[in-house]
Amino acid sequence: MKEPRTSGDDRDETVLLCVPFAGAGPSFFHPWREPAGDRWRVVPVELPGRERRLLETPYRNVVEAAKNSIDDIVTELGAGARTVLFGHSLGAVLAYELVHLLSTRDVHVERLVVSGSPGPWTQRERRATGLPDDEFLARVEEFAGFRHEALDHPELRELILPMLQADCEMHENYVPSTDEPVSVPICSLRGDSDTLVTAEEAQQWRDATTSEFNYVEFPGGHMYLVDLAQEILNVIEAESARDR
(Lines give C-alpha, C1' and ligand atoms only; values in the text may rest on other atoms or scores of the structure.)
Protein backbone atom coordinates (compact mmCIF):
# COMPACT_ATOMS: atom_id res chain seq x y z
CA MET A 1 0.00 0.00 0.00
CA LYS A 2 0.99 3.61 -0.43
CA GLU A 3 2.17 6.13 2.12
CA PRO A 4 -0.58 7.45 4.44
CA ARG A 5 -2.55 10.40 3.11
CA THR A 6 -2.64 13.22 5.63
CA SER A 7 -3.25 16.51 3.83
CA GLY A 8 -6.33 18.55 4.63
CA ASP A 9 -7.72 18.09 1.12
CA ASP A 10 -7.82 14.33 1.57
CA ARG A 11 -10.43 14.73 4.28
CA ASP A 12 -12.80 16.18 1.65
CA GLU A 13 -12.68 13.11 -0.59
CA THR A 14 -14.58 9.87 -0.32
CA VAL A 15 -12.69 6.62 -0.79
CA LEU A 16 -14.29 3.64 -2.52
CA LEU A 17 -12.61 0.70 -0.80
CA CYS A 18 -13.00 -2.34 -3.07
CA VAL A 19 -12.62 -5.86 -1.68
CA PRO A 20 -11.88 -8.56 -4.30
CA PHE A 21 -13.87 -11.74 -4.84
CA ALA A 22 -12.35 -15.23 -4.71
CA GLY A 23 -9.43 -15.56 -7.11
CA ALA A 24 -9.27 -11.84 -7.89
CA GLY A 25 -6.60 -9.30 -7.12
CA PRO A 26 -6.60 -5.52 -6.79
CA SER A 27 -6.04 -5.02 -10.53
CA PHE A 28 -9.64 -6.08 -11.19
CA PHE A 29 -10.70 -2.69 -9.83
CA HIS A 30 -8.06 -0.56 -11.60
CA PRO A 31 -10.40 0.03 -14.61
CA TRP A 32 -12.96 1.45 -12.16
CA ARG A 33 -10.74 4.47 -11.51
CA GLU A 34 -11.54 6.24 -14.77
CA PRO A 35 -15.35 6.00 -14.51
CA ALA A 36 -15.08 6.85 -10.79
CA GLY A 37 -13.56 10.17 -11.89
CA ASP A 38 -13.46 12.70 -9.11
CA ARG A 39 -16.35 11.07 -7.26
CA TRP A 40 -14.15 8.65 -5.32
CA ARG A 41 -10.57 7.57 -4.86
CA VAL A 42 -10.73 3.87 -5.72
CA VAL A 43 -8.59 1.83 -3.30
CA PRO A 44 -8.51 -1.96 -3.83
CA VAL A 45 -7.68 -4.16 -0.84
CA GLU A 46 -4.49 -6.11 -1.46
CA LEU A 47 -4.58 -9.63 -0.02
CA PRO A 48 -1.65 -12.05 0.11
CA GLY A 49 -1.29 -14.77 -2.49
CA ARG A 50 -1.94 -12.63 -5.57
CA GLU A 51 -0.28 -10.04 -7.80
CA ARG A 52 2.32 -8.03 -5.85
CA ARG A 53 1.85 -10.35 -2.85
CA LEU A 54 1.91 -13.56 -4.88
CA LEU A 55 4.60 -15.27 -2.79
CA GLU A 56 2.82 -14.64 0.51
CA THR A 57 0.60 -17.31 2.08
CA PRO A 58 -3.08 -16.61 1.37
CA TYR A 59 -5.59 -16.44 4.20
CA ARG A 60 -8.04 -19.25 4.85
CA ASN A 61 -10.19 -17.40 7.39
CA VAL A 62 -12.20 -14.25 6.67
CA VAL A 63 -12.07 -12.85 10.19
CA GLU A 64 -8.30 -13.36 10.35
CA ALA A 65 -7.88 -11.72 6.95
CA ALA A 66 -9.85 -8.67 8.09
CA LYS A 67 -7.98 -8.30 11.38
CA ASN A 68 -4.58 -8.67 9.75
CA SER A 69 -5.39 -6.22 6.94
CA ILE A 70 -7.03 -3.44 8.93
CA ASP A 71 -3.87 -1.53 9.92
CA ASP A 72 -2.65 -1.28 6.32
CA ILE A 73 -6.12 -0.28 5.14
CA VAL A 74 -6.47 2.48 7.74
CA THR A 75 -3.02 3.80 6.81
CA GLU A 76 -3.97 3.88 3.13
CA LEU A 77 -7.31 5.57 3.80
CA GLY A 78 -5.84 8.30 5.99
CA ALA A 79 -7.17 9.69 9.24
CA GLY A 80 -10.78 10.85 9.12
CA ALA A 81 -11.38 9.41 5.67
CA ARG A 82 -14.96 9.10 4.45
CA THR A 83 -15.28 5.62 2.99
CA VAL A 84 -17.73 3.50 1.00
CA LEU A 85 -16.95 -0.23 0.97
CA PHE A 86 -17.74 -2.45 -2.00
CA GLY A 87 -17.29 -6.22 -1.98
CA HIS A 88 -18.48 -8.97 -4.32
CA SER A 89 -19.14 -12.54 -3.13
CA LEU A 90 -16.18 -13.36 -0.82
CA GLY A 91 -15.41 -9.65 -0.89
CA ALA A 92 -18.88 -8.90 0.52
CA VAL A 93 -18.38 -10.81 3.77
CA LEU A 94 -14.79 -9.58 4.10
CA ALA A 95 -16.04 -6.00 3.62
CA TYR A 96 -18.68 -6.65 6.31
CA GLU A 97 -15.96 -7.68 8.76
CA LEU A 98 -13.90 -4.63 7.80
CA VAL A 99 -16.84 -2.31 8.55
CA HIS A 100 -16.98 -3.69 12.09
CA LEU A 101 -13.25 -3.03 12.52
CA LEU A 102 -13.28 0.39 10.86
CA SER A 103 -16.01 1.50 13.25
CA THR A 104 -13.39 1.42 16.02
CA ARG A 105 -10.94 3.58 14.05
CA ASP A 106 -10.95 7.19 12.90
CA VAL A 107 -12.63 6.22 9.63
CA HIS A 108 -16.13 7.36 8.71
CA VAL A 109 -17.84 4.52 6.81
CA GLU A 110 -20.70 6.02 4.84
CA ARG A 111 -22.11 2.86 3.29
CA LEU A 112 -21.48 -0.83 2.69
CA VAL A 113 -22.29 -2.08 -0.82
CA VAL A 114 -22.39 -5.86 -1.03
CA SER A 115 -22.73 -7.79 -4.27
CA GLY A 116 -23.50 -11.37 -5.25
CA SER A 117 -23.77 -12.57 -1.66
CA PRO A 118 -26.36 -13.98 0.70
CA GLY A 119 -26.53 -12.45 4.16
CA PRO A 120 -23.50 -13.06 6.37
CA TRP A 121 -25.18 -15.79 8.42
CA THR A 122 -26.06 -17.98 5.41
CA GLN A 123 -23.51 -20.55 4.29
CA ARG A 124 -23.41 -22.10 0.84
CA GLU A 125 -24.95 -25.58 0.67
CA ARG A 126 -22.92 -26.83 -2.29
CA ARG A 127 -19.19 -26.50 -1.75
CA ALA A 128 -15.96 -26.63 -3.72
CA THR A 129 -13.57 -26.86 -0.77
CA GLY A 130 -11.71 -30.15 -0.55
CA LEU A 131 -12.48 -31.40 -4.04
CA PRO A 132 -9.66 -32.70 -6.29
CA ASP A 133 -8.17 -29.94 -8.44
CA ASP A 134 -10.11 -30.59 -11.67
CA GLU A 135 -13.41 -31.11 -9.83
CA PHE A 136 -12.72 -28.02 -7.74
CA LEU A 137 -12.20 -25.85 -10.82
CA ALA A 138 -15.30 -27.29 -12.50
CA ARG A 139 -17.38 -26.53 -9.38
CA VAL A 140 -16.03 -22.98 -9.14
CA GLU A 141 -16.75 -22.40 -12.83
CA GLU A 142 -20.27 -23.74 -12.29
CA PHE A 143 -20.80 -21.43 -9.32
CA ALA A 144 -19.53 -18.32 -11.08
CA GLY A 145 -20.78 -19.05 -14.58
CA PHE A 146 -17.38 -17.75 -15.57
CA ARG A 147 -13.95 -19.23 -16.27
CA HIS A 148 -10.76 -17.21 -16.09
CA GLU A 149 -8.67 -17.78 -19.21
CA ALA A 150 -5.50 -18.02 -17.08
CA LEU A 151 -6.72 -21.39 -15.80
CA ASP A 152 -6.22 -22.81 -19.30
CA HIS A 153 -2.45 -22.18 -19.07
CA PRO A 154 -0.65 -24.81 -16.92
CA GLU A 155 1.95 -22.43 -15.49
CA LEU A 156 -0.58 -19.77 -14.57
CA ARG A 157 -2.98 -22.37 -13.23
CA GLU A 158 -0.26 -23.67 -10.91
CA LEU A 159 0.19 -20.15 -9.52
CA ILE A 160 -3.50 -19.29 -9.23
CA LEU A 161 -4.96 -22.57 -7.95
CA PRO A 162 -3.64 -22.48 -4.34
CA MET A 163 -4.91 -18.93 -3.86
CA LEU A 164 -8.29 -19.74 -5.36
CA GLN A 165 -8.61 -22.84 -3.15
CA ALA A 166 -7.73 -20.80 -0.06
CA ASP A 167 -10.24 -18.10 -1.02
CA CYS A 168 -13.03 -20.62 -1.49
CA GLU A 169 -12.19 -22.31 1.80
CA MET A 170 -12.36 -19.09 3.78
CA HIS A 171 -15.59 -18.07 2.04
CA GLU A 172 -17.35 -21.41 2.47
CA ASN A 173 -16.28 -21.72 6.11
CA TYR A 174 -17.09 -18.11 7.01
CA VAL A 175 -18.83 -17.45 10.30
CA PRO A 176 -19.34 -13.79 11.31
CA SER A 177 -17.18 -12.55 14.16
CA THR A 178 -20.24 -11.05 15.84
CA ASP A 179 -24.03 -11.25 15.66
CA GLU A 180 -24.23 -7.48 16.06
CA PRO A 181 -25.39 -5.71 12.88
CA VAL A 182 -23.45 -2.73 11.57
CA SER A 183 -24.81 0.79 11.97
CA VAL A 184 -24.11 1.95 8.40
CA PRO A 185 -26.55 1.73 5.47
CA ILE A 186 -26.24 -1.37 3.30
CA CYS A 187 -27.04 -1.71 -0.39
CA SER A 188 -27.15 -5.25 -1.78
CA LEU A 189 -26.55 -5.82 -5.51
CA ARG A 190 -27.24 -8.95 -7.55
CA GLY A 191 -27.31 -10.16 -11.13
CA ASP A 192 -30.91 -11.01 -11.97
CA SER A 193 -29.97 -14.43 -13.39
CA ASP A 194 -27.50 -15.36 -10.63
CA THR A 195 -28.00 -19.08 -9.95
CA LEU A 196 -25.66 -19.05 -6.95
CA VAL A 197 -27.40 -16.36 -4.89
CA THR A 198 -31.18 -15.92 -4.90
CA ALA A 199 -32.93 -12.58 -4.63
CA GLU A 200 -34.23 -13.62 -1.21
CA GLU A 201 -30.71 -14.46 -0.03
CA ALA A 202 -29.29 -11.19 -1.35
CA GLN A 203 -31.95 -9.33 0.63
CA GLN A 204 -30.93 -11.06 3.87
CA TRP A 205 -28.45 -8.21 4.27
CA ARG A 206 -31.40 -6.16 5.53
CA ASP A 207 -30.86 -7.89 8.89
CA ALA A 208 -27.15 -7.01 8.95
CA THR A 209 -27.71 -3.29 9.53
CA THR A 210 -29.59 -1.09 11.97
CA SER A 211 -29.66 1.62 9.31
CA GLU A 212 -31.19 1.87 5.83
CA PHE A 213 -31.21 -1.03 3.37
CA ASN A 214 -31.69 -1.04 -0.39
CA TYR A 215 -31.62 -3.80 -3.00
CA VAL A 216 -30.73 -3.40 -6.68
CA GLU A 217 -30.61 -5.95 -9.50
CA PHE A 218 -28.56 -5.78 -12.70
CA PRO A 219 -28.85 -7.89 -15.86
CA GLY A 220 -26.52 -10.88 -15.75
CA GLY A 221 -25.35 -13.81 -13.69
CA HIS A 222 -23.12 -14.12 -10.65
CA MET A 223 -20.26 -12.29 -12.34
CA TYR A 224 -22.40 -9.52 -13.81
CA LEU A 225 -19.98 -6.91 -12.43
CA VAL A 226 -17.28 -7.80 -14.98
CA ASP A 227 -19.02 -5.69 -17.63
CA LEU A 228 -20.99 -3.19 -15.56
CA ALA A 229 -18.50 -1.05 -13.65
CA GLN A 230 -20.08 2.24 -14.76
CA GLU A 231 -23.58 1.10 -13.87
CA ILE A 232 -22.46 -0.10 -10.43
CA LEU A 233 -20.69 3.18 -9.73
CA ASN A 234 -23.82 5.09 -10.76
CA VAL A 235 -25.88 3.11 -8.24
CA ILE A 236 -23.30 3.74 -5.51
CA GLU A 237 -23.42 7.46 -6.31
CA ALA A 238 -27.22 7.47 -6.20
CA GLU A 239 -27.14 5.64 -2.87
CA SER A 240 -24.66 8.13 -1.46
CA ALA A 241 -26.78 11.05 -2.67
CA ARG A 242 -29.60 9.85 -0.42
CA ASP A 243 -27.47 10.75 2.60
CA ARG A 244 -26.92 14.35 1.52
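Conditions (1) surrounded by 17 or more Cβ atoms within 10 Å (Cβ to Cβ); (2) free of Cβ contacts under 8 Å to residues at least 40 places away in the same chain; (3) among the small types (Gly, Ala, Ser); (4) closer than 25 Å to PHE28 by Cα, marked per residue:
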| site | (1), (2), (3), (4) |
| --- | --- |
| THR178 | no, no, no, no |
| VAL182 | yes, no, no, no |
| VAL197 | yes, no, no, yes |
| ALA202 | yes, no, yes, yes |
| TRP205 | yes, no, no, yes |
| THR210 | no, yes, no, no |
| PRO219 | no, yes, no, yes |
| MET223 | yes, no, no, yes |
| ALA238 | no, yes, yes, yes |
- Message: Can you pull out every residue in segment 194-219 that is in contact with a Phe, Trp or Tyr (Cβ under 6 Å, 6 or more places away or on another chain) and closer than 20 Å to SER240 by Cβ?
- Response: ARG206, PHE218
- Query: Restricting segment 52-84 to residues that are in a helix (DSSP H, G or I) and polar (S, T, N, Q), which is surrounded by the most Cβ atoms within 10 Å (Cβ to Cβ)?
  - Reply: SER69
- May I ask you to verify whether GLY87 is part of a loop (DSSP other than H, G, I, E, B) and surrounded by 19 or more Cβ atoms within 10 Å (Cβ to Cβ)? no
- Task: Just one of (1) surrounded by fewer than 22 Cβ atoms within 10 Å (Cβ to Cβ); (2) in a helix (DSSP H, G or I) trips up THR122, so point out which.
- Result: (2)
- Message: Going through LEU156, LEU161 one at a time, which residue ends up being assigned to a helix (DSSP H, G or I) and touching an Asp or Glu at 6+ places or on another chain (Cβ under 7 Å)?
- Response: LEU161
- Query: Hey, among the residues in segment 192-207 that are in contact with a Ser or Thr (Cβ under 9 Å, 6 or more places away or on another chain) and not in a loop (DSSP other than H, G, I, E, B), which one's farthest from GLY116 (Cα to Cα)?
  - Reply: ARG206
- Contacts under 6 angstrom Cβ, first residue in segment 110-133 being without any contact (Cβ under 8 Å) to a residue 60 or more places away in the chain and more than 30 Å from ARG242 (Cα to Cα), partner surrounded by fewer than 23 Cβ atoms within 10 Å (Cβ to Cβ) and β-branched (Val, Ile, Thr), 6 or more apart: ALA128/VAL140
- Message: So, in segment 103-119, how many residues would count as being among the β-branched types (Val, Ile, Thr), assigned to a loop (DSSP other than H, G, I, E, B) and modelled with pLDDT of 95 or more?
- Response: 0
- Which of the residues belonging to segment 46-63 are among the acidic types (Asp, Glu) and touching a residue at least 24 places away in the same chain (Cβ under 8 Å)? GLU46, GLU51
- Item | Number of the exception - HIS100 against (1) surrounded by 23 or more Cβ atoms within 10 Å (Cβ to Cβ); (2) modelled with pLDDT of 95 or more | (1)
- Verdict on THR75 being at pLDDT below 95 and either within 18 Å of VAL226 (Cβ to Cβ) or touching a helix residue (DSSP H, G or I) at 6+ places or on another chain (Cβ under 9 Å) (or both): no
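The values are calculated or read from the model by the stated rules, or taken from the named source; none is laboratory data. Everything numeric in this text was worked out from a predicted model, so none of it was measured. Every residue, glycine as well, gets a Cβ built from its backbone with ideal geometry; the counts of neighbours run over all protein chains shown.
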